[in-house]
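Undergrad: This is the structure I want to talk about, given as structure tokens.
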């Protein structure tokens, strides 16, 4: 009879019957963390969109989507912008899968898991709202097929309210310290919430959260204590170190291929940013994307320790070490500059093939220096406490070998903005700092406000939604 | 009137024929022969004639004279109307077949001596398109029957001696094959949810009853070489164009000194070898009164024309067939097939393949340079292909045992019950070793730190159990009725086990085993999978004929499959066929040059269930891996895999066929015409593009499989064959077949188009499935010559959105939608890989002891995408680039060379070529020794022959081989540096004793 064909697949787990044990929750949580690795695309593309770097690559048409973003001529047809949408929603959906099953069972330690999940969901949502503005949201669980034509893009304020609510719940659930190195803790959630508030110019709230992180005493600027050396901040030795509030973990122990970049356990941005055809000490070769501009290099004073930590001058380095390398894209607008993003280029290491895709460099998503500067900005812009703001800025400056500033008011704000650029060079924050402070058109060639404040919704998504979602203005 | 006696024998083997019919002409007075071929017929008028007929032999009419004993020898006739054709759970005479079938018999296979059974279908039968997946030894073939109507697996169902065979045609010894029958239309509905791609029924040779033991030995040896090399730049030309490309961009020329460059390294000469091929086959067949048997064994050994023994294929087969009548009413039949194949393979496809590297390597680099670090930068993918060959270590073995046990019980008059079990069991083992090697800085093939060994073991098992009852009867000499009812149970299950580790001692393949490898922790991995798929089917068929000239059949099959969810688990597949033998009508004029006309038609619904398993369930098969912050080791979790679709159901193909068969001029000329119209609806599209919000772009995720569209294939098929004995010494046979395909996508739900294929690096998918267009058509920019000067550039919309502003010498793209902007919306249909028509020709002569045979086939109107040029500044180029634009008026077809930004390499019709071709596939000349000479050395038959395969291809296509095919319905016709099918010169001997 037909019972013969009524079988369950051997050795597999059905999603309908999952979440029956603590282990199920832990395993699903790993699935949600996994997609963080795909956010390398947010970082490198954020940097390319800014005035810090040229797109680079092999030729002026290599990874055409990035080249177009660099020139600010991108359109809704752009597979790289689409990656951004797809990868971040993938992470979101995996977190939502746990949220919608969170009441299945009770066990000790569930709060911590749910807290981490809520943080991750907020992290992905925040990235999406930064890039795309209004997005569809579904706080109670996964998106189900068909909802793309019924669920509207929620206004930015609603998205932010949703992110805030997730983070506030996460803070309630999370322990102050990570259950394991690399995992989300309460301070990471507070730092992210502070950032979310800052983006909305809720300066009081932002300063509260960020001050809590600072006052926790759990973090300090790397290089200021013990035998730490600031120059090592972006080396393997300082990973998950005292400056790391939230860090995305990567490793080179598993191979990867171009067919699924988001599947790599390595930091794809790093291989893509490496020096082309490099042979020599310390570094490994890569694809030559994300090339700091002369103007970015010149933004540092020569006594600023951050310059040579942030930017590799390949000609000097080659002269010094006899290293050899190749030049790819030579286009004046998007090509070779002689500089590389030293924070995130490959170091010599034992990683699996394709070595360009499996670099183990962790991404310092939220650094304590960033927290200090965000706090300073909130305190200053919110007219809360310029003295404290100045103290925070000077901590960051001192670590870079620079002297204290004495300014306050708008002079201090200009200094804070400049310090943000110098401190966070190559880390993917610059574009959004310029946009949220209304300075993007002033600094970024080709940028038109308000059009370029947001990136276009991928054309494919507009089609899938059958008109439910309209394109961002100007595209 | 008198009684006569006689003996009917096979004219060739002189074996007696059991069951031959002897009838007095124009009467019903007749009889049949006994086991010894003898007969006695009473009441024969003195002036009468007797008609002697036997299935598979030419009938003969003999006038009765004074004699009373008639020894009658019947000539075998494989092409005769009485020829029996297998049609699935039964047989039918060719005369009464009402569906569209094509058949290739053992004679054709003997004439072709193919290495792979699929090649026997290439160009020999209409409506069947066979393309090899590559020229590397052991490559399987893609077989497409009447076009492509699915974007899942489009290969036909293979039924070997009644059971579903899953080994691929390449694991069957071609010399074991008696016949290949292809069901092309709704007649295949008896195979229900598995038959919509068409069904290939293979019958293998068995022994014959009362046959003296016969030994057949066949062998050939040959050499293979590439049939083509692509014209590339030599070192001097390369340096010239390279410098020009830098100068054109205002950059420093990389090569200062031309002296001594000369022609440099010809990388194609370096990688192509002349490689041997060898085959032996021995078979023993015979039978006694109640038992017949056949055993055979074969060995094929083939090296590759690239990398010789590094791409070796060997296949050993053994088969056993046993047929026994246990009692008058009960018989059993067993066939067993064993195949052991061994394969070593090079990277032979796409970016990074050996041939791709041979085409792109700079000719200025010497063949001995293994590490390209200080050489000109060729990008991260191009390495020395010789080094690559040397560093390739792998081994894949498959041991397969398949077989069928059948029994037949004739339990009552006109009734028989058949039961049979067919099975396949296969063990596939892979071993790969990747040594530590530095190809040069940044090369993607580098393994700098640690080598790697990986092993895989896959066990696949299945069985098919058939039970069916047949009733056959004849009423009033007018009504012929056959009823068949049956069921089939099918189950396949298996598992795979994989492991890998680093740290192979001494970096040597000889030590490449997990037991010796030292890697531990994250340097040692294991994985596995398992599956279980089942199908339960019930079916019935009625075949009815009136006066043996009005023919009718109807069938219905019900399938239930584990592949589909409870909502759509069961499907019904009905079909009807009908035929009318016009030439048997009384009104049909006698003594006409027309011997036979049959008009036939069929209509029915067939299914396709070739999707992945359990797509209706949401399984947690996604990738969920994240490194520990403590020590960087990997932590594994779970995540959702492909999105599910609980309502998934099979594809349904509605197939209509109208055909007519003619036999003319005393059966010398045979003509078949068919029109077909196949509408496939509920097309299953796996990983259908859906909004990213559903998370399908997560690692290990993918879109759901949904029933998303409809495709129509229609066309005509024509087959001619001509056989004649022009004189005692000169015989001729000739065949021609032609098929047309018109393919149109008629509907897609849920999305506007589905993309596929790959072009260049990082470019959008080049192939699409879209309503109103052929499936897998090429979607790219249209070009309109070359910008000759800046005025022309300025007069044209900006091309900046394609990647760069145009300069004189760049390709001009057409503003197809006329909106004054050139962007991705200007992409249009720039060709498709589906041929307008294909045809095959075969011609054979035999003159005295010599025989000559030739086969050719052609494909017209298919396009191919040239995708083996790496768009990198410094790689070598094809020599058509010498005709580049260098100034106003110099070229309007080949753009300038430049390292400056340009949009010249985006996917456009510049890269699409006409892939039409005519290939002379086989030319052979044989000599058959006189029987009286060879009988002295106890031989019955001895033929020696010389043969050339893939002799010459007429084509305008510039790549290695216009038959290049990837097989994927969306993404076909894209040539990644296809490994060319070798030309083979061989010499062979066939002996019978």
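A short reminder: the numbers here are calculations on the coordinates, not readings from a lab. Owing to the predicted nature of the structure, the values given are computational and were not obtained by experimental measurement. Cβ placement follows ideal geometry from the backbone for every residue including glycine, while neighbour counts extend to all protein chains displayed.
Undergrad: Place the peptides B:214-220, B:69-75, A:249-255 in order of packing, highest mean first, counting for every residue the other Cβ atoms within 10 Å and averaging per peptide.
TA: A:249-255, B:214-220, B:69-75
Undergrad: Tell me, what does the Kirkwood hydrodynamic radius of chain B come to in angstroms if you use every pair of distinct C-alpha atoms?
TA: So the Kirkwood estimate lands at 31.4 Å.
Undergrad: On a 0 to 90 degree scale, rounded to 10, what angle separates helix B:235-248 from the longest Cα axis of chain B?
TA: The angle comes out at about 50 degrees.
Undergrad: So, one more: Using a Förster distance of 25 Å, how high is the FRET efficiency between residue B:595 and residue B:656, based on the Cβ-Cβ distance and rounded to 0.05?
TA: Working from the Cβ atoms, E equals 0.35.
Undergrad: Another question, if that's okay. Please give the contour-minus-distance gain from residue B:936 to residue B:749: 0.36 nm per residue of separation, less the Cα-Cα distance, rounded to one decimal in nm.
TA: Details: separation 187, 0.36 × 187 = 67.32 nm, distance 7.28 nm.
In short, 60.0 nm is gained.
Undergrad: Then there's this: Rounded, prolate or oblate, given the Cα gyration tensor of the stretch A:40-164, with a/c below 1.5 counting as rounded?
TA: Details: a/c = 2.56, a/b = 2.01, b/c = 1.28.
Prolate is the answer for the stretch A:40-164, as a/c is 1.5 or above and a/b outweighs b/c.
Undergrad: I need the peptides B:624-634, A:31-41 ranked by packing, meaning the mean over residues of other C-beta atoms within 10 angstrom, with the highest value on top.
TA: Per-residue Cβ counts within 10 Å, averaged per peptide and sorted highest first, yield A:31-41, B:624-634.
Undergrad: Fewest first, what order do A:234, A:87, B:837 take by the number of other Cβ atoms within 10 Å? Write down the numbers at each step before the final one.
TA: Values: A:234 22, A:87 27, B:837 19.
With the sparsest Cβ surroundings first, the list reads B:837, A:234, A:87.
Undergrad: For labels at residue B:472 and residue B:784 in the simple 7 Å Cα→Cβ model, what's the distance in nm?
TA: About 6.8 nm, to one decimal.
Undergrad: In addition: Per q in 0.13, 0.17, 0.18, 0.28 Å⁻¹, report the Debye log10 I(q)/I(0) for the stretch B:2-74, using one uniform scatterer on each alpha carbon and no solvent.
TA: Taking Cα atoms of the stretch B:2-74 as identical point scatterers yields -0.31, -0.53, -0.59, -1.43.
Undergrad: If you don't mind, another one. How much of the DSSP bridge set in the stretch B:84-207 is antiparallel, in percent, rounded to the nearest 5?
TA: Antiparallel bridges: around 85 percent, rounded to the nearest 5.
Undergrad: Please report the base-10 log of the normalised intensity I(q)/I(0) for the stretch A:318-399, using a Debye sum with one equal scatterer per alpha carbon and no solvent, at each q in 0.15, 0.24 (1/Å).
TA: Calculated log10 I(q)/I(0) at the listed q: -0.84, -1.12.
Undergrad: Another question about this same structure. Please compute, for peptide A:251-259, the average count of beta-carbon atoms on other protein chains lying within 10 Å of each residue's beta-carbon.
TA: 4
Undergrad: Please work out the Kirkwood hydrodynamic radius for the protein assembly as shown, using every pair of different C-alpha atoms, and report it in angstroms with one decimal place.
TA: Taking the inverse mean of 1/r over all distinct Cα pairs, the protein assembly as shown comes out at 35.7 Å.
Undergrad: Partner chain Cβ atoms within 10 Å, averaged over the residues of B:801-808 - can you pull that number for me?
TA: Partner-chain Cβ atoms within 10 Å, mean over residues of B:801-808: 3.
Undergrad: In peptide B:635-645, how many Cβ atoms from other protein chains are near each Cβ within 10 Å, on average?
TA: Numbers: counts 9, 4, 13, 11, 12, 9, 3, 0, 3, 4, 1.
Per residue, the average neighbour count from other chains is 6.
Undergrad: Right, here's the next one. Can you give the FRET efficiency for residue B:728 and residue B:257, using 1/(1 + (r/R0)^6), R0 = 56 Å, r = Cβ-Cβ distance, to the nearest 0.05?
TA: Once the sixth-power term is evaluated, E becomes 0.15.
Undergrad: Working from Cα positions, state the angle (0 to 90°, nearest 10) between the long axis of helix A:156-173 and the longest principal axis of chain A.
TA: For A:156-173 against chain A, the angle is about 80 degrees.
Undergrad: Within a 10 angstrom radius of the beta carbon, how do A:405, B:638 rank from fewest other beta carbons to most?
TA: Listed from fewest to most nearby Cβ atoms, that is A:405, B:638.
Undergrad: Using 1/(1 + (r/R0)^6) with R0 = 30 angstrom and r between the beta carbons of residue B:667 and residue B:336, what's the FRET efficiency to the nearest 0.05?
TA: Computed FRET efficiency for residue B:667 and residue B:336 comes out at 0.20.
Undergrad: Give me B:590, A:180, B:113 sorted ascending by neighbouring Cβ count inside 10 Å, so fewest comes first.
TA: Working: B:590 5, A:180 11, B:113 24.
Ordered by Cβ neighbours within 10 Å, fewest first: B:590, A:180, B:113.
Undergrad: Using a 10 Å cut-off on Cβ atoms, rank the peptides B:392-402, B:824-834, B:885-895 from the highest mean neighbour count down.
TA: B:824-834, B:392-402, B:885-895
Undergrad: Let me know the shape class of chain A, please: from the alpha-carbon gyration tensor, a ≥ b ≥ c as square roots of the eigenvalues, rounded when a/c is under 1.5, otherwise prolate if a/b is greater than b/c, or oblate.
TA: Rounded, since a/c falls under 1.5.
Undergrad: Which residues in the stretch B:618-642 place their backbone N less than 17 Å from a point set 7 Å from the Cα of residue A:107 along the Cα-to-Cβ direction?
TA: Only B:636-639 pass the distance filter.
Undergrad: Can you give the extra length, in nm with one decimal, that the chain gains between residue B:514 and residue B:34 once fully stretched, where that is 0.36 nm per residue apart less the Cα-Cα distance?
TA: 166.3 nm
Undergrad: Right, next: Using only Cα atoms, find the angle between the long axis of helix A:386-399 and the longest principal axis of chain A, and express it within 0 to 90 degrees, rounded to the nearest 10.
TA: 80
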